Amino acid sequence: MYKILLREDLVPSIHLFKVAAPVVAKKAKPGQFVVVRVDEKGERIPLTIADWDESEGSLSIVFMEVGTTTARLALLEVGSSIADFVGPLGLPTHIEKFGTVVCVAGGVGAAPIAPIARALKNAGNKIISILGARSKNLLFWEDRLRSLSDQLIVTTDDGSYGRKGVVTEPLKELLASEKVDRVIAIGPSIMMKFCAKTTEPFGIKTIVSLNPIMVDGTGMCGCCRVAVGGETKFACVDGPDFDGHQVDWDLLFARQRIYLDEEKCSFEQWQKNIQPEVKYGKVKS
Amino acid sequence: MAKLNLNRVEMPRQDPKVRGKNFNEVALGYSLEQAKEEASRCIQCVKRNCVDGCPVGVDIPDFIKAIREGDMPEAVRVLKSKNALPGICGRVCPQETQCESTCSLAKKGAPIAIGRLERFVADWERANMPKASPPQPAPTGKRVAVVGSGPAGLTAAADLVKLGHGVTIFEALHVAGGVLMYGIPEFRLPKEIVQNEVDYVASLGVKIELDSVIGKLVTIDEVLGNGYHAVFLGTGAGLPMFLGVPGENLNGIYSANEFLTRVNLMKAYRFPEYDTPVKLGKKVAVIGGGNVAMDSARCALRLGAEVVYIVYRRSEAEMPARREEVENAQEEGIQFKLLTNPKQFLGNEKNWVVGMECYEMELGEPDESGRRRPVVKAGSEFVIDVDEVIVALGTTPNPLIASTTPGLETSKGGTVMADEATGKTKKDKVWAGGDIVTGAATVISAMGAGKLAAADIDRFLRG
């Protein structure tokens, strides 16, 4: 069992848990993930690592409520425990001095991109970050990203905060106006695809962090297979970082939808079974 | 001399029509009377060929004699002195090619049903014997790390802890048991029995650390630097092989590892009570002819498939699956499409598999495995309608450990090189055994390798 040391509701539907996992914290690197199982009957889901503190023996994950597992996670409070917390898994993000790196984060992608930006900054890169969300009430870690970046651009789809529009617009302007050596894009798959499409004509290497469905997270099952450069790869052990220009995005989207019906059934079942007071939204604090 | 009794006592099984719809164990086990009757057929040979046929050297005639005399605690004692996991071996060992094949009565076509008797003793113990207090060997002060909690790891750990060494097992998944938990289905090996045997190993004093992916969380060198005097690698062969033909990434195409892990380990057959789903195909094709293929096909049937095919490129004679499992599958209505091999998978506009184009095959000259090589019949392509495919072509060792352990030599196929008699690898203080060394094989051969390595580790630690 892995105890929750701190809970922070970054926005109403996105939560940060700091979890006691001293050995994992010792090994974690930017870009890696953990596999989490809430309890005995839970499924195993991958969550990217948002931060860690070796001296405290803790590791932070950030997740958005999108289905049964994340909704069940969101019911946990400080002091309670998660059944399983396995990691660090996957290959770390490749860090070196590239020159100027643009870090693009969409939605919950702000969490995993922060330690990557920090490592790239420490390696001597100039960091320009673009943080995008659908709306102001889904934005978090603006300050943190600002402190890690030489420049930060914030966008919202509805214009409720920062620049109105999607992240690819400022990305394109940056690529046209200055020398960029690498782009890292993390967020919803569709956003990562369009970031890669935006950078492709400029020939700028673009790293994306893929999030296919996984079970074990150690290369055992092949559920997370993706096609990159025409070859089948397992995102859990060969990734999750891949060259965005080489990814077969349509295959990724299709495979992410395998269990849509079951996810709906599971969520309805769960809602039927939980206490009425926690049925729609948060547990009362 | 008494007349030989050649009437093997049959073991009751669930009716095929009933069992095809549930996940309960197919074989029901002997009653005490049946076990005594079968045991009484044993002629107690002076030269014990059956023991030579057992990879862990169980004193077979002795435990059978105890059953015949009705001394069940003695039967348990004899069996468990050599085999820490009898409830498992009695169910999944290929006795027909091991102890039973060397039984003196095998020549007469009616070997003693050693596997069924072993299973009976293990089940009797579980139901009737209070948990014995574990032996208290004198501690040696040495510590051994065992990586992987499948049959090889559990056996090595049990033997080492009985010799007084401090033993910790590191397991990557959230439960111990390895392939016994994630791979072999409930109806062939109930998980309660595996858990019981894992608990027994833990009761001997073995520490089990779950959720520990060695190679990621810590490396072997770090384990050795952390106060462990030796390491045993029993991480199995966990990496699924695919065909490499077009369309293999379509939705609805599983590796057998994924399908069985969802069903067995994650209990997807009880979705949505358990959160992990599995697709319920109506027309399911399983590619391959081994035990894993049979397990997958029979799981798909129990999940409600209307038709399940075994698609195998050779003929029934070459199938690596146990005879008994092939017969079980046939009885349950699994359809065998032999001398058939997929050319490509066909998908719809939403990336779901809808068909499988196959070649007819014929058998040519023997290949390196000694089996006749299947060759494509020109122009024989035909399409099978399917909505789910399970690829059960075998597995290779996961490179996670080998790639993070300098000095560990591996073969081209990814298996770890180790001495056959001792399990010693080329790396100082590191032993290996089971599928990680041999490639995918049997539970009992992994246990045998775990036993040999434990004995050699003990010699080293006392050296």
Practice prompt. For B:Pro94, indicate whether it is at negative phi and either at pLDDT below 95 or surrounded by 20 or more Cβ atoms within 10 Å (Cβ to Cβ) (or both).
Written response: yes
Fill in: Residue selected from the range A:83-110 under the condition on the phi < 0 side of the Ramachandran plot and either in a helix (DSSP H, G or I) or free of Cβ contacts under 8 Å to residues at least 40 places away in the same chain (or both), by the criterion surrounded by the fewest Cβ atoms within 10 Å (Cβ to Cβ)
A:Glu96
Worksheet item: Is there a residue in the range A:127-134 that is in contact with a Cys (Cβ under 8 Å, 6 or more places away or on another chain), open to solvent by less than 20 Å² (accessible area, probe 1.4 Å) and under 25 Å from A:Gly219 (Cα atoms)?
Response: no
Worksheet entry | Residue among B:Lys80, B:Lys142 that alone is crowded, with 18+ Cβ neighbours inside 10 Å, more than 22 Å from B:Glu37 (Cβ to Cβ) and modelled with pLDDT of 95 or more | B:Lys142
Worksheet item: Which ones in the range B:235-245 are in a loop (DSSP other than H, G, I, E, B) and among the hydrophobic types (A, V, I, L, M, F, W, C)?
Response: B:Ala237, B:Met241, B:Phe242, B:Leu243, B:Val245
Item to complete: Give the range B:198-215 a look and list any residue that's in a loop (DSSP other than H, G, I, E, B) and acidic (Asp, Glu), or say none.
Response: B:Asp211
Practice prompt. Scan B:Gly227, B:Gly166 and give me the residue that is more than 14 Å from chain A (Cβ to nearest Cβ), at positive phi and more than 16 Å from the chain's Cα centre (by Cα).
Written response: B:Gly227
Discussion item. Going through A:Thr218, A:Thr232, A:Thr206, A:Thr155 one at a time, which residue ends up being of a type in the set (Val, Ile, Thr), more than 14 Å from every other protein chain (Cβ to nearest Cβ) and more than 24 Å from A:Glu96 (Cα to Cα)?
Written reply: A:Thr155
Worksheet item: Of these, B:Arg313, B:Arg323, B:Arg373, which one is open to solvent by 70 Å² or more (accessible area, probe 1.4 Å), in contact with a Leu (Cβ under 9 Å, 6 or more places away or on another chain), in contact (Cβ under 8 Å) with a residue 40 or more places away in the chain and farther than 30 Å from A:Asp250 by Cα?
Response: B:Arg313
Worksheet, complete the sentence: Okay, strands (runs of 3 or more DSSP E) sitting entirely in the range A:1-82 with 2 or more residues that are modelled with pLDDT under 95, within 14 Å of chain B (Cβ to nearest Cβ) and over 22 Å from A:Ile116 (Cα atoms), I get none
Worksheet item: Which residue pairs have Cβ atoms under 7 Å apart, sit 6 or more places apart or on different chains, and have a first residue in the range A:115-137 that is under 20 Å from A:Leu174 (Cβ atoms) and a second that is modelled with pLDDT under 95?
Response: A:Ala133/A:Gly107
Response to the item:
Scanning the range A:213-233 residue by residue, the ones that are touching a Cys at 6+ places or on another chain (Cβ under 7 Å) and closer than 14 Å to B:Tyr254 by Cβ total 4
Worksheet item: Is it the case that B:Ala202 is under 22 Å from the mean Cα position of the chain (by Cα), at pLDDT 95 or above and surrounded by fewer than 24 Cβ atoms within 10 Å (Cβ to Cβ)?
Response: yes
Worksheet item: Given the structure, is B:Ile169 at pLDDT 95 or above, part of a loop (DSSP other than H, G, I, E, B) and buried (at least 22 other Cβ atoms within 10 Å of the Cβ)?
Response: no
Item to complete: Provide a single number: the residues in the range B:261-291 that are assigned to a loop (DSSP other than H, G, I, E, B), more than 9 Å from chain A (Cβ to nearest Cβ) and either of a type outside the set (A, V, I, L, M) or open to solvent by less than 10 Å² (accessible area, probe 1.4 Å) (or both).
Response: 5
Item to complete: Pick out the one residue from B:Glu258, B:Glu248, B:Glu222 that is acidic (Asp, Glu), within 12 Å of chain A (Cβ to nearest Cβ) and assigned to a loop (DSSP other than H, G, I, E, B).
Response: B:Glu248
Worksheet item: Just a yes or no: is a residue in the range B:343-352 without any contact (Cβ under 8 Å) to a residue 40 or more places away in the chain and either surrounded by 15 or more Cβ atoms within 10 Å (Cβ to Cβ) or assigned to a strand (DSSP E or B) (or both)?
Response: no
Worksheet item: How many residues does the range B:1-34 contain that are open to solvent by less than 20 Å² (accessible area, probe 1.4 Å) and without any contact (Cβ under 8 Å) to a residue 12 or more places away in the chain?
Response: 0
Discussion item. Condition first: more than 9 Å from chain A (Cβ to nearest Cβ) and surrounded by fewer than 20 Cβ atoms within 10 Å (Cβ to Cβ). Now tell me which residues in the range B:230-245 satisfy that.
Written reply: B:Met241, B:Leu243, B:Val245
Fill in: Residue list for the range B:326-342, restricted to those being open to solvent by 40 Å² or more (accessible area, probe 1.4 Å), in contact (Cβ under 8 Å) with a residue 60 or more places away in the chain and part of a helix (DSSP H, G or I)
B:Glu331
Discussion item. Go through (1) part of a helix (DSSP H, G or I); (2) over 24 Å from B:Met181 (Cα atoms); (3) open to solvent by less than 20 Å² (accessible area, probe 1.4 Å) for B:Ala110 and report which single condition fails.
Written reply: (1)
Discussion item. I'd like to know if the range B:35-51 contains one or more residues that are of a type in the set (Val, Ile, Thr), open to solvent by less than 20 Å² (accessible area, probe 1.4 Å), at pLDDT 95 or above and not in a loop (DSSP other than H, G, I, E, B).
Written reply: no
Worksheet, complete the sentence: Quick count over the range A:111-128, residues being among the hydrophobic types (A, V, I, L, M, F, W, C), part of a helix (DSSP H, G or I) and touching a strand residue (DSSP E or B) at 6+ places or on another chain (Cβ under 9 Å), is 6
Practice prompt. Return a yes/no flag: does the range B:202-214 have any residue that is without any contact (Cβ under 8 Å) to a residue 40 or more places away in the chain and at the interface with chain A (Cβ under 8 Å from one of its Cβ atoms).
Written response: yes
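So that you can scan it fast, the table gives a plain yes or no per residue for (1) surrounded by fewer than 22 Cβ atoms within 10 Å (Cβ to Cβ); (2) within 14 Å of another protein chain (Cβ to nearest Cβ); (3) in a helix (DSSP H, G or I); (4) not β-branched (Val, Ile, Thr):
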{"residue": "B:Glu125", "(1), (2), (3), (4)": "no, no, yes, yes"}
{"residue": "B:Ala132", "(1), (2), (3), (4)": "yes, no, no, yes"}
{"residue": "B:Gln136", "(1), (2), (3), (4)": "yes, no, no, yes"}
{"residue": "B:Val146", "(1), (2), (3), (4)": "no, no, no, no"}
{"residue": "B:Leu154", "(1), (2), (3), (4)": "no, no, yes, yes"}
{"residue": "B:His174", "(1), (2), (3), (4)": "yes, yes, no, yes"}
{"residue": "B:Met181", "(1), (2), (3), (4)": "no, yes, yes, yes"}
{"residue": "B:Glu186", "(1), (2), (3), (4)": "yes, no, no, yes"}
{"residue": "B:Asn196", "(1), (2), (3), (4)": "yes, no, yes, yes"}
Response to the item:
Going through (1) open to solvent by less than 10 Å² (accessible area, probe 1.4 Å); (2) touching a Lys or Arg at 6+ places or on another chain (Cβ under 7 Å) one by one, A:Leu6 fails only at (1)
Item to complete: Consider B:Gly109 carefully, then state whether it is in contact with a helix residue (DSSP H, G or I) (Cβ under 9 Å, 6 or more places away or on another chain) and under 19 Å from B:Val9 (Cβ atoms).
Response: no
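The values are calculated or read from the model by the stated rules, or taken from the named source; none is laboratory data. These numbers come from a predicted model, not from an experiment. Cβ coordinates were reconstructed from backbone atoms using ideal geometry, including for glycine residues, and neighbour counts include every protein chain displayed. To get the accessible areas, we keep the full protein, side chains included, count just its heavy atoms, and leave off ligands, DNA and RNA. Shrake-Rupley method; radii C 1.70, N 1.55, O 1.52, S 1.80 Å.
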